[in-house]
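Student: The structure is given below, and queries will be raised subsequently.
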Amino acid sequence: MATVQVSEAEKVYILHGIRDDLRVDGRGCEDYRHMEIETDVVSNTDGSAKVTLGHTAVLVGVKAEIGKPRPTVPAEGYLEFFVDCSANATPEFEGRGGEELGTKLSNTLYKVFNNKRSIDLKSLCICAGEHCWVLYVDVLSPFEIFWHLTVYLILIPKVHISSDEEGGKEIELSDDPYDCMRLNVENVPCIVTLCKVGHRHVVDATLQEKACSVASLIISVTHKGTITCMRKVGGGSLDPESIFEMTEAGKRVGKALHAPLMKLLEQEESLGKKRQKVGFLG
């Protein structure tokens with residue numbers, strides 16, 4: 001990630017502010033910056049979204065293709081993740097740096113989402129042992145909200161299976177673009193990153209706050225506050241009390257994100273064709 005140089009006086013100022021729940025930009029420790037969301041921004045995908053948070057812009061697209069189920073779970077579909085950390089964001093992403101980070105993030109996303117607790121993978125099965133839907137998720141620069149958005153927006157064509165005279169099975173996709181199904185996103189978690197700064201922790205840390213952080217905790221939280229995955233990053237250590245406090249804060253923030261996000265998506269969906277696209281990708 002991009003880094004900045006922070007003087008000792010700046011560090012003290014940031015630490016004292018976070019201690020008093022007042023960050024440099026006026027936010028509290030559990031507040032996000034202003035967020036902008038655009039949906040259906042890439043025409044050749046089955047679901048896409050662009051999220052802007054501060055000076056960070058993230059683009060994600062999901063494509064659904066028919067594939068063969070994995071032998072261990074013949075009655076389920078699956079997901080494949082690819083994270084591209086663009087070198088345009090920071091020189092540190094050039095060469096192996098961006099590739100290694102992208103692989104780590106892809107593995108984390110796989111652990112968080114490619115399981116029965118997050119998504120009903122059986123709903124992606126077309127014919128057990130023979131055909132299933134495979135969701136290919138491409139992310140340009142990682143961010144925490146994108147997945148919840150794109151999964152909700154995915155339109156998967158309905159499939160009709162018929163048998164021929166020889167007993168073989170034929171797959172027919174509906175020609176009607178509106179004859180589709182949506183995945184159930186009720187249990188899809190939001191990912192919250194908490195940075196340990198001094199004796200407290202913050203969400204959506206700025207570059208200056210990250211420079212003062214010793215370690216971070218990445219937590220995926222469902223709408224019920226259930227933690228489905230947790231990963232510690234950074235070179236510093238976290239004591240058990242800090243981990244407990246950070247997980248409790250992550251659950252509060254994750255639950256708080258779910259309700260308004262789903263409400264906005266449902267409101268947008270209710271507009272139908274009347275919805276106006278805005279933004280440079282509109």
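Student: How large is ³J(HN,Hα) for each residue in the range 255-267, as worked out from phi by the Karplus curve 6.51 cos²θ - 1.76 cosθ + 1.60 (θ = phi - 60°), to whole Hz, x for Gly and Pro?
Tutor: The phi angles translate into 5, 5, 6, 4, 4, x, 5, 5, 4, 5, 5, 5, 5 Hz.
Student: Over the range 25-83, what is the mean sequence separation of C-alpha contacts under 8 Å (at least six apart), divided by residue count, expressed as relative contact order in percent?
Tutor: RCO, the range 25-83: 21 percent.
Student: How charged is the neighbourhood of Lys116? Take every other residue with its Cβ under 15 Å from the Cβ of Lys116, and add Lys/Arg as +1 and Asp/Glu as -1. Display every interim value, and only then the final one.
Tutor: On the way: positive: Arg70, Lys111, Arg117, Lys122; negative: Glu76, Asp120, Glu186.
With Lys, Arg at +1 and Asp, Glu at -1, the neighbours total +1.
Student: Further, regarding this structure: Would you kindly derive the ³J(HN,Hα) couplings of the range 200-210 from the backbone phi angles with the Karplus curve 6.51 cos²θ - 1.76 cosθ + 1.60 (θ = phi - 60°), listing them in order in whole Hz, with x for Gly and Pro?
Tutor: Values, residue by residue: 10, 9, 9, 9, 6, 6, 7, 4, 5, 5, 5 Hz.
Student: While we're here: Going by the alpha-carbon gyration tensor, a ≥ b ≥ c the square roots of its eigenvalues, is the range 187-233 rounded (a/c under 1.5) or, if a/c is not under 1.5, prolate (a/b greater than b/c) versus oblate?
Tutor: prolate
Student: Take the alpha carbon atoms of the range 214-235, find their center, do the same for the range 15-89, and report the distance between the two centers in whole angstrom.
Tutor: Cα centroid to Cα centroid, the span is 15 Å.
Student: Any of Lys104/Lys232; Lys68/Lys224; Lys63/Lys158; Lys63/Lys111 with alpha carbons more than 22 Å apart? Name them for me.
Tutor: Lys68/Lys224
Student: Taking amide H positions as placed in the peptide plane 1.01 Å from N, state which residues far from Asp120 in sequence (5 or more) or on other chains have amide H under 5 Å from it.
Tutor: Asn184
Student: If we count every other residue with Cβ under 13 angstrom of Cys125's Cβ, Lys/Arg +1 and Asp/Glu -1, where does the sum land?
Tutor: +1
Student: Tell me which residues come under 5 Å, amide H to amide H, from Cys229 once H is placed; ignore anything under 5 positions away on its chain.
Tutor: Sorted by chain and number, the residues that satisfy this are Ser220.
Student: Under 10 Å from the Cβ of Asp31, count the other residues' Cβ atoms, weight Lys and Arg +1, Asp and Glu -1, and hand me the total.
Tutor: -1
Student: Using only the Cα atoms of the range 170-270, build the gyration tensor, take square roots of its eigenvalues as a ≥ b ≥ c, and label the shape rounded, prolate or oblate: rounded if a/c is under 1.5, else prolate if a/b is larger than b/c, else oblate. All intermediate terms of the calculation are to be shown ahead of the outcome.
Tutor: Values: a/c = 2.75, a/b = 2.53, b/c = 1.09.
Prolate shape, in that a/c is at least 1.5 and a/b is the bigger ratio.
Student: Another question, then. Amide H of Asp204 versus every other amide H placed in the peptide plane: which residues, excluding those fewer than 5 positions away on the same chain, fall under 5 Å?
Tutor: Amide H neighbours of Asp204: Thr193.
Values quoted throughout were computed directly from the atomic coordinates according to the rules given, and no laboratory measurement underlies them. All figures in this text were calculated on a predicted structure; none of them were measured in a lab. Note that each Cβ is placed from the backbone with ideal geometry, even for glycine, and that neighbours are counted across all protein chains shown.
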